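To keep things clear, I will list the structure first and then write my remarks on it.
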Amino acid sequence: MTAETASTRVDMNAVKGRIMMAMDIMARGNAVCAVKSKGRTLAGCAAGALAFALVAAAPAMAQSNAAETAGASDKANAAETATPSDRVADIVVTAQFREQNLQDTPIAITALNAAMLEARSQTNIADVANQAPNVTLRAAGANNGPSIFASIRGVGQSDFNPALEPGVGMYVDDVYYPTLTGSLFDLLDLDRVEVLRGPQGTLAGKNSIGGAIKLYSRKPDGNGGGYIQATYGSRDRLDFRGSADFTIAPNLFGRISGVYKGQRGYVGRYDYGCLFPASGVPATQPAGSCKVDTQGDVGYAALRGMLRYAPHAGLDITLAADYTREDHRVPGVVLLNAGNSNPNVAVNGVPYDNRFLCGRYCNYTDFANPAATWLGPVAPGFPLIAMQADDRTTYEGWGVSANIKADLTDHLSFDSITAYRAYSTHWANDDSAAPTSLAFSENRLKHWFVSQELRLNGKIGDTINFTVGGFYSDQRTTYYTLQDIRYAPIPLQFVGNDPVNASTKAAFANVGWQATEALSFNGGVRYSKESKDYTFVRLDPATGLPNVFLGALNGLTGEYSGNRLDYRMAVDYRLSPAVLAYASVATGFKGGGIGPRPFLPQQVQSFGPEKLVAYEIGLKSDLFDRKLRLNLSAFFNQYKDIQLTFLSCPQFGGPGPCSLPQNAGDADVKGIELETTIRPTEGLMIDGAVSYLDFKYKCVNPAVVGLAPGSCSSDPALLAQLNPRSPYTPKWKWSVGVQYEIPLGSAGTLTPRFDASYQSAMYTAALPSPAAIQPLAIIDGYTLANARLSWKNANKDLEIALEVTNVFNKYYFLTKFDSSGPSGAGFTSGYPGRPREWAISVKKKF
């Protein structure tokens with residue numbers, strides 16, 4: 001990369017003035033937050049004010065003589081700027097360790113630049129999945145804390161527990177995020193998003209078996225630019241975003257970005273005893289004030305700073321640091337079905353049943369279990385202590401990274417990516433969504449992760465590009481939990497404080513050969529070695545001694561280790577300057593581990609990795625003088641040793657519940673995907689996507705139905721014990737968006753945009769519910785629509801936008817949690833998506 005700057009000088013008086021201004025903004029921002037929250041500071045108010053203040057302060061350091069730098073970010077922006085508005089713009093991606101045009105990369109990729117993210121009113125990574133074929137990203141429910149459910153082409157993970165690996169690799173600026181917790185990224189000051197579908201086992205490594213999602217930040221380039229954006233909307237939504245780019249010294253650039261988001265919730269929590277005083281359920285709220293609070297609110301703040309040193313064309317060093325804080329109530333839950341006759345669950349003799357169904361956007365959750373005496377059937381008379389928590393979720397995470405790119409020779413370069421990340425989070429969950437004593441938990445995670453990746457990139461002649469490298473990571477997560485599970489046959493109240501350690505080492509190589517002007521080959525291998533251990537702590541919450549029922553697990557350690565060789569081979573042929581055809585075969589895997597929720601020592605078992613071999617063909621085309629972009633891919637995956645968690649384990653005996661991950665069986669997965677962008681005339685753009693996926697189990701481990709584990713069986717009776725598709729895998733998805741930029745002469749432009757997306761029904765668990773409940777445990781298909789109207793002035797530096805999301809006010813579910821089957825809890829709950837919302841935003845660039 002190149003960086004040439006004239007001699008620059010920082011005006012210290014201006015810097016001092018801006019810092020004083022920033023301190024004033026910060027003070028006023030915290031005062032506003034305190035007033036709006038009626039004395040209780042909203043989550044992240046201070047961090048949000050700090051981010052906004054720093055953005056306001058940064059321009060004092062900007063210089064008019066900014067450096068001109070090159071790279072994927074700069075090339076993408078330059079290409080978009082240079083492309084006429086009636087042509088489809090190029091997007092530069094780095095999926096194969098080097099910069100390539102999206103249309104020259106033989107991988108199924110959805111790539112979005114910052115302008116498209118903004119045009120679609122997308123603010124977090126889950127929003128992006130609505131327009132990406134065969135991709136599902138969902139914010140998790142209250143039982144999983146601040147994490148996500150992620151699935152690509154039927155492969156993924158929905159359990160936050162650090163003992164389990166994600167099936168979709170998540171990256172920010174090439175730094176890997178190893179857990180689902182903390183992975184619901186805000187789209188803060190991004191250059192682009194790349195969604196790579198299919199196994200990226202050689203390019204991205206383990207746990208990218210389904211694919212990889214990569215976010216790339218805007219790099220500092222010393223151009224003195226930036227922006228400030230403010231948004232107000234439904235239920236007192238208040239967002240602030242901003243960034244600033246500046247030159248600190250010759251060849252040394254900085255960029256700072258911040259975001260604050262706050263909004264009241266949309267699912268009411270009510271006191272059942274207050275609403276129904278004759279029910280027998282004790283009231284906790286005074287008569288006439290039965291609403292406790294509103295769940296599903298937003299309280300989020302993040303800040304990122306970057307320094308970039310680029311003294312000459314052969315050296316580029318970027319240092320980055322970020323901080324994120326969340327503080328809000330748990331996601332809003334509604335109870336869909338309830339039925340449990342266990343007397344230990346009842347409150348004052350009131351049984352747990354459908355009387356506690358509240359409605360579309362409400363619940364009766366109380367986050368408390370009273371002191372009681374166990375009634376049986378096992379260990380009657382056992383005392384149970386009272387447990388209580390509030391319904392807030394907090395998350396605090398930060399990280400630092402160093403990305404070094406150096407040219408060693410004209411044909412050889414070196415990349416180093418070093419990172420350290422840490423977070424701590426706390427949340428509570430009341431599974432019952434009712435004022436009964438079904439199950440209650442309080443959870444805390446403390447996590448740190450360090451990684452180092454080295455790459456040597458080279459070129460041999462004019463036809464061969466290669467990359468060789470290595471990767472190392474080490475991590476530790478401590479999972480503290482306070483559990484009160486009263487629906488079980490035995491009284492389970494215990495404290496866990498489990499350390500989980502994991503490490504990975506990998507070596508990889510990738511080679512591309514341009515055999516002819518039209519024909520090229522690409523191949524890669526990666527060898528990975530991983531190890532993990534999980535130590536169980538099971539203490540009594542009243543005495544601090546080993547739990548009387550689970551004490552045999554206390555201090556027990558389970559260990560897992562394994563290795564894997566993955567490969568990828570791809571060939572592409574340019575049929576014409578406008579059309580590229582490709583074919584590939586690739587493998588990937590998701591790491592094995594130790595079952596994290598045993599109730600008996602014999603349930604402390606390791607499970608192996610799940611593996612996938614994918615065959616794919618595709619076409620990428622820019623047709624009709626680049627007025628039409630049409631990308632098509634078809635795939636067939638052989639998915640083996642699929643990891644599923646089962647809630648019925650009679651083969652292990654004992655009266656307790658079960659939650660045991662196992663390698664459940666094999667499946668064939670096939671599908672087709674199409675993405676298009678159309679520019680039929682100047683100012684008009686149409687984009688769309690459609691995907692189809694057929695998931696079919698081929699054989700199943702007999703342990704799935706409680707039999708002794710054995711070889712994978714294709715017995716139809718066993719296959720019928722699983723839902724037809726993996727969780728969160730719709731068969732059909734489509735999306736379409738239309739926008740038209742209307743020129744207004746000296747008054748600027750007016751751009752209306754409309755987006756619609758559809759997904760068919762999804763199962764939310766591997767095992768089916770009882771026949772009477774199964775429809776409630778499935779997320780029905782639905783269509784969502786968003787609209788946006790934006791005005792820009794003639795200089796394109798001022799924008800005012802009005803947006804409406806969920807235009808038709810569709811009631812739908814993001815996730816569901818079904819525990820009506822073998823676990824014995826007897827409930828199904830759902831987490832509804834946000835209703836129709838409006839917002840108006842003002843953005844000023846400088």
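The values are calculated or read from the model by the stated rules, or taken from the named source; none is laboratory data. On a predicted model such as this, the values are computed, not experimentally measured, just so you know. When we count neighbours, we look across all protein chains shown, and the Cβ atoms used for this are built from the backbone with ideal geometry, even at glycine. Heads up: the accessible areas ignore ligands, DNA and RNA and are worked out on the full protein's heavy atoms, side chains in. Shrake-Rupley method; radii C 1.70, N 1.55, O 1.52, S 1.80 Å.
Of note:
- If R0 is taken as 35 Å, the Cβ-Cβ distance between Leu789 and Lys696 corresponds to a FRET efficiency of 0.20.
- Local electrostatic count, Gly593, Cβ distance below 15 Å [Lys/Arg +1, Asp/Glu -1]: 0
- If R0 is taken as 56 Å, the Cβ-Cβ distance between Asp797 and Thr543 corresponds to a FRET efficiency of 0.30.
- Here Lys446 is the anchor, and the lysines within straight C-alpha reach of less than 19 Å, apart from those fewer than 8 places off in the same chain, are Lys532.
- The chain: proportion of alpha-carbon pairs further apart than 38 angstrom, %: 42
- Crossing angle, helix 12-36 versus the chain [Cα axis fit, 0-90 degrees, rounded to tens]: 30
- Helix 72-82 vs. the chain, principal-axis angle (Cα, 0 to 90°, nearest 10): 60
- With every protein chain in place and a 1.4 angstrom probe, the accessible-area ranking of Ser183, Ser606, Ser424, largest first, reads Ser606, Ser424, Ser183.
- Pairs exceeding a 31 Å alpha-carbon distance, out of Lys219/Lys844; Lys206/Lys261; Lys459/Lys529: Lys206/Lys261.
- Of all aspartates and glutamates in the structure, the ones whose alpha carbon falls short of 13 Å from that of Lys792, not counting any fewer than 8 places away in one chain, are Glu741.
- Formal net charge of residues neighbouring Gln103 (Cβ-Cβ distance under 11 Å; K, R +1; D, E -1): 0
- Region 102-179, accessible surface, carbon-and-sulfur percent (1.4 angstrom probe): 47
- For the listed peptides 246-253, 471-478, a ranking on the average number of other beta carbons within 10 Å per residue, highest first, reads 246-253, 471-478.
- Extent along principal axes [Cα atoms of region 329-368; Å; largest to smallest]: 29, 19, 12
- Solvent-accessible area per residue in region 117-252 equals 17 Å², computed with a 1.4 angstrom probe and all protein chains kept.
- Take every Cα pair under 8 Å whose residues are at least 6 apart in sequence, average their separation, divide by the length of region 359-478, and the relative contact order is 23 percent.
- Once the Cα atoms are used to define both axes, helix 45-57 deviates from the longest principal axis of the chain by about 0 degrees.
- Solvent-accessible surface of region 293-442, taken per residue with a 1.4 Å probe and all protein chains present: 38 Å².
- Mean-position separation - Cα centroids, region 672-723 and region 277-303, in angstrom: 40
- The heavy atoms of Leu275 present about 80 square angstrom of accessible area, all protein chains included, probe 1.4 Å.
- Inter-label distance, nm, simple model (7 Å from Cα along the C-beta direction), Gln285/Ala771: 4.0
- Surrounding net charge for Leu384, when Lys and Arg each add one and Asp and Glu each subtract one, Cβ distance under 12 Å: -1
- Surface share of carbon and sulfur [accessible, 1.4 angstrom probe, percent] for region 580-691: 62
- Distance violations [Cα-Cα > 31 Å] among Lys590/Lys843; Lys611/Lys731; Lys590/Lys620: Lys590/Lys843
- Counting DSSP beta bridges with both ends in the chain, the antiparallel % (nearest 5): 100
- Beta bridge orientation in region 372-518: antiparallel %, DSSP, nearest 5: 100
- Region 446-475 versus region 223-254: alpha-carbon centroid distance in Å: 32
- With all pairs of different C-alpha atoms in the average, the Kirkwood value for the hydrodynamic radius of region 246-291 is 15.2 Å.
- Highest mean packing first, where packing is the average number of other Cβ atoms within 10 Å per residue, the peptides 142-151, 458-467, 363-372 line up as 142-151, 363-372, 458-467.
- For q = 0.14, 0.16, 0.18, 0.23 Å⁻¹, Debye-computed log10 I/I(0) when each Cα of region 432-521 counts as one equal scatterer: -0.71, -0.80, -0.90, -1.06
- For region 214-253, the alpha-carbon coordinates run over 46, 25, 10 Å along the three principal axes, in decreasing order.
- Under 23 Å from the Cα of Lys291 - lysines, other chains or at least 8 residues apart: Lys36, Lys38
- Protein-only accessible surface order, largest first, of Thr481, Thr677, Thr645 at 1.4 Å: Thr645, Thr677, Thr481
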